[in-house]
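Visitor: There's a structure below that I have some questions on.
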Number of protein chains: 6
Amino acid sequence: MFQPKAHSAASDRFRHGLAALEQISAGSGKAVTGSLMETAPDLSRFIVEFCYGDILSRSGIDNRTKELAIIALLTAKTGAAPQLKVHISAALNVGVAASEIIEVIQQMAIYAGFPAALNGIFSAQAVLAEQTTAP
Amino acid sequence: MFQPKAHSAASDRFRHGLAALEQISAGSGKAVTGSLMETAPDLSRFIVEFCYGDILSRSGIDNRTKELAIIALLTAKTGAAPQLKVHISAALNVGVAASEIIEVIQQMAIYAGFPAALNGIFSAQAVLAEQTTAP
Amino acid sequence: MFQPKAHSAASDRFRHGLAALEQISAGSGKAVTGSLMETAPDLSRFIVEFCYGDILSRSGIDNRTKELAIIALLTAKTGAAPQLKVHISAALNVGVAASEIIEVIQQMAIYAGFPAALNGIFSAQAVLAEQTTAP
Amino acid sequence: MFQPKAHSAASDRFRHGLAALEQISAGSGKAVTGSLMETAPDLSRFIVEFCYGDILSRSGIDNRTKELAIIALLTAKTGAAPQLKVHISAALNVGVAASEIIEVIQQMAIYAGFPAALNGIFSAQAVLAEQTTAP
Amino acid sequence: MFQPKAHSAASDRFRHGLAALEQISAGSGKAVTGSLMETAPDLSRFIVEFCYGDILSRSGIDNRTKELAIIALLTAKTGAAPQLKVHISAALNVGVAASEIIEVIQQMAIYAGFPAALNGIFSAQAVLAEQTTAP
Amino acid sequence: MFQPKAHSAASDRFRHGLAALEQISAGSGKAVTGSLMETAPDLSRFIVEFCYGDILSRSGIDNRTKELAIIALLTAKTGAAPQLKVHISAALNVGVAASEIIEVIQQMAIYAGFPAALNGIFSAQAVLAEQTTAP
């Protein structure tokens, strides 16, 4: 399990970020930061402190809208399927319906092209299938 | 002014799309379709019929969320500044606050990089400045 | 098998699109639309009605040139390998020679960079190998 | 005017490339290589020797198809408008009709998104307007 | 002039970042953060605190190599010309020779395509011309 | 094994390129050119003659800086993971430390977004793991 001992004592920003990560992305976010601990622990820390602590925890836009905006962007960014899946999980986690996720991805065909939208739908299918079969 | 005579009688989809374009993008959307009438009238028609009539008029996701998702995507798609500006206008038109648009664009720095976010903010500045000086 | 019952009666555009899909992309196109039927049936319908019915069935540019243009674009769009493979199949289906497909992909190294061209060639190798081993 | 004296004597590849550049891109290609002579003369030479001499002069795909494939790719590559314009000129120069160029660009909306197709059409409008007003 | 009063007292990270910005990007970096102060002051602060304070001030890779790596990346990221120019200035500021900048940009033609390399050279030409004419 | 018989006698540029490929990319570069020999032998030859012979063998920028610049670019070019891995191997081969590669990739999060940096780190992890387990 992900135990970022080194920083947890030193930094309020880290604790704040970890709480935001827990609330928004839950398991899928932790898996990402955990996967970096051996080769790039600082990148892992920046994701917690900066991405979640400074940015994603900001008010001004609610978590549902935020995650749908991120999903729209990552649908267009072909080649970022692993991160798209993390945020499809996060969106479900903060209360977005599967049908809303599908709707946003398919509407993005207009702006990102149909290949990007198709691959986005395939990522959503994979996440939804996993969640159905999880115990 | 944009007078798509050729299609207005023939197609319910076109009328439906034109109504959606009016409601969502108002003047900025019309300027786009109008600019295509001489060289690519069919592309203009597809934007009305398909983009607005079939896609953007769908329910399932409200117009505010939809426009913020489009803004997130176009922020990442460097080189599409004219279209980003159209959708910043459209977002304001459907009731998104300027502060929410700025918030989404700057949060996208995490996913699209800071250069893309910076250029997105500059597009927003240009649209907001125009609206302030408009009669 | 792909049985788009819901729309086949309702829409001339759908029937027209399905005929174009059959003629241009044959099995590879059907596999795509079929894969969407459960999670995103409307996106599947838009691909048939709009992509094939309204756009790809247009005259003005012959199917051979059209497919080579699509292959050039998708070679540059790293991350769209599944769709590139569909259109390599489609190109072969409308009479483009394998050598012409390879030629276009490798010439695109100039505009999209060698990594994109390399990955395009690997997609072509995969499609050609599949066709050789198919019964 | 572009006078690549330094290389013209030394290299058959350069002469071969220059002939291909003349035949395919005429004035628009020369303007590109000329613009590099002061800061990056070697890049200018590589464009002549490699891009035109080794690659674009290859048979296996005719110049018309080649230029339409390049136009498709550059339509998708937002941010490469100057190069898209060079190849719209080149396409007209090797006998592609303006209507075919417009057709390819607008069909690419499916694969690259409508913003990319719109910006492609605007590039085509600019080239066609210039040619109309040229003496 | 850029006077980020609000944060200068509150944050060691900000002061540290501002020092790094001064050292690395000098005037060109300050112009960027300054341009954001009215519409997106928090993004301006994140650029100072995070981009310069946490990331670009890291040791492990010297400033010369760092700026050449950023230039390579931004050359490929068509549509980020303003930021490419900032980092061409920054590279000159940390002691990279103009010839090295040109060399890296033109070599990137292999990986990003010639259009991206060409536009990169044009950005370099613009920065170098400005510096020559500056008092 | 890669035996480019057809060209080795005919071309000094090919021999020069092959020597550069050996020196810079060693086994990983050879695997790439070898994988193209059956379907696209000319692309294989251009990689040797042009990419390695004309471009990557240039002085003006040392091999270490060159490979780190290429790694930065390919980190941003999502979808080019196979080529990123080749150049991570090449960087190690010309004397770049693993820690420097990780450092450049994670700093690129600022310019290419965190998803691109994450996928870059995963590519580095894969190459480093392979090297550890190689006999």
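Visitor: Using only the Cα atoms of region B:5-56, build the gyration tensor, take square roots of its eigenvalues as a ≥ b ≥ c, and label the shape rounded, prolate or oblate: rounded if a/c is under 1.5, else prolate if a/b is larger than b/c, else oblate.
Guide: Numbers: a/c = 1.63, a/b = 1.08, b/c = 1.52.
The shape class here is oblate.
Visitor: Run the numbers on chain E and let me know its relative contact order in percent, using alpha-carbon pairs under 8 Å that are six or more apart. Can you show the working numbers first?
Guide: Values: 145 pairs, mean separation 31.2, N = 135.
This gives 23 percent for chain E.
Visitor: Please give the length that would be gained between A:Glu22 and A:Thr133 if that part of the chain were fully extended, namely 0.36 nm times their separation in residues minus their C-alpha to C-alpha distance (nm, one decimal). Mind showing how you got there, number by number?
Guide: Numbers: separation 111, 0.36 × 111 = 39.96 nm, distance 2.22 nm.
Extending this stretch completely gives an extra 37.7 nm.
Visitor: What helices in chain C pass both tests, a Cα length along the helix axis of 24 Å or more and a mean Kyte hydropathy of 0.5 or higher, using whole DSSP H runs? Could you put the intermediate results ahead of the total?
Guide: Working: long enough: C:114-133 (28 Å, 0.64).
What comes out of the filter, once short or polar helices are dropped, is C:114-133.
Visitor: Then there is this: Just how far, in whole angstrom, is region A:104-129 from region D:16-69 if you go by their alpha carbon centroids?
Guide: Each part reduced to its Cα centre gives a spacing of 38 Å.
Visitor: With respect to the cross-link table entries E:Lys77/F:Lys77; B:Lys77/E:Lys30; B:Lys30/C:Lys77; D:Lys77/E:Lys85, which display a Cα-Cα separation exceeding 18 Å? List each step's numbers first, then the result.
Guide: Working: E:Lys77/F:Lys77 8 Å; B:Lys77/E:Lys30 25 Å; B:Lys30/C:Lys77 30 Å; D:Lys77/E:Lys85 20 Å.
Check vs 18 Å cut-off fails for B:Lys77/E:Lys30; B:Lys30/C:Lys77; D:Lys77/E:Lys85.
Visitor: Going 7 Å from Cα along the Cα-Cβ axis for the label, what nanometre distances separate C:Ala26 from the same residue across the other copies?
Guide: 4.0, 4.6, 4.7, 5.3, 6.4
Visitor: Residue of C with Cβ nearest the axis relating C to A, plus distance in whole Å?
Guide: C:Gly79, 2
Visitor: Okay, next question. Please state the shape class of region A:22-83: rounded when a/c is under 1.5, otherwise prolate if a/b exceeds b/c and oblate if not, all from the C-alpha gyration tensor. Provide the component values of the computation, followed by the final result.
Guide: On the way: a/c = 2.02, a/b = 1.26, b/c = 1.60.
In terms of gyration-tensor shape, oblate.
Visitor: Also, quick follow-up: Determine the calculated [θ] at 222 nm for the protein assembly as shown from helices alone, applying -39500 (n - 2.57) to every DSSP H run no shorter than 4 residues and normalising by the residue count; nearest 500 deg cm²/dmol.
Guide: Working: 54 runs with 568 residues, N = 810.
That comes out to -21000 deg cm²/dmol.
Visitor: Another one. I need the P(r) histogram for region D:31-135: all alpha carbon pairs, bin width 10 Å from 0 out to the longest distance, whole percents.
Guide: 15, 43, 34, 9, 0
Visitor: Next question. Please average, across the residues of F:54-64, the number of beta carbons from any other chain that are within 10 Å of each residue's own beta carbon, and give a whole number. Don't jump to the answer; show the numbers that get you there.
Guide: Details: counts 6, 10, 2, 0, 4, 1, 9, 10, 2, 0, 1.
Mean inter-chain Cβ contacts per residue within 10 Å come to 4.
Visitor: State, to one decimal in nm and shortest first, how far the label point of D:Glu130 sits from each corresponding label point in the other identical copies (label point: 7 angstrom along Cα-to-Cβ).
Guide: Result for D:Glu130, in nm, nearest copy first: 2.4, 2.4, 4.1, 4.4, 4.9.
Visitor: Put the label 7 Å from Cα along Cα→Cβ for F:Arg15; what are its distances to the other copies, in nanometres, shortest first?
Guide: Label-point separations across copies, in nm and ascending: 2.4, 6.4, 7.0, 7.0, 7.8.
Visitor: Residues of F:123-133, mean number of Cβ from any other protein chain within 10 Å of their own Cβ, rounded to a whole number?
Guide: On the way: counts 0, 2, 5, 0, 0, 2, 1, 0, 0, 0, 0.
Mean shielding by partner chains, rounded to a whole number: 1.
Visitor: Further question on the same structure: What relative contact order, as a whole-number percentage, does region C:65-135 give when Cα pairs under 8 Å and 6 or more residues apart are counted? Before the final figure, lay out the partial values.
Guide: Values: 67 pairs, mean separation 25.8, N = 71.
Normalised by residue count, the contact order of region C:65-135 is 36 percent.
Visitor: For a label point 7 angstrom out from the Cα of F:Ser57 toward its Cβ, which stretches of region F:24-41 have the backbone nitrogen within less than 17 Å?
Guide: Residues F:24-27, F:29-30, F:33 fall inside that zone.
Visitor: What average count of beta carbons from other chains do you get within 10 Å of the Cβ of residues in F:78-86?
Guide: Averaged over the peptide's residues, the number is 6.
Visitor: Hey, another quick one. If you add up the charges near F:Ala97, with Lys and Arg at +1 and Asp and Glu at -1, over every other residue whose beta carbon is less than 14 angstrom from its beta carbon, what do you get? Provide the component values of the computation, followed by the final result.
Guide: Details: positive: F:Arg64; negative: E:Asp62, F:Glu67, F:Glu100, F:Glu103.
Neighbour charge sum, excluding F:Ala97 itself: -3.
Visitor: If you take the square roots of the eigenvalues of the alpha-carbon gyration tensor of the protein assembly as shown and sort them as a ≥ b ≥ c, do you get rounded (a/c under 1.5), prolate (a/b over b/c) or oblate?
Guide: Details: a/c = 1.29, a/b = 1.00, b/c = 1.29.
The shape class here is rounded.
Here, each number is a calculation from the coordinates, and none is a lab measurement. Since the structure is predicted, the reported quantities are computational estimates derived from the model, not experimental observations. Virtual Cβ from ideal backbone geometry, glycine too; neighbours counted across all protein chains shown.
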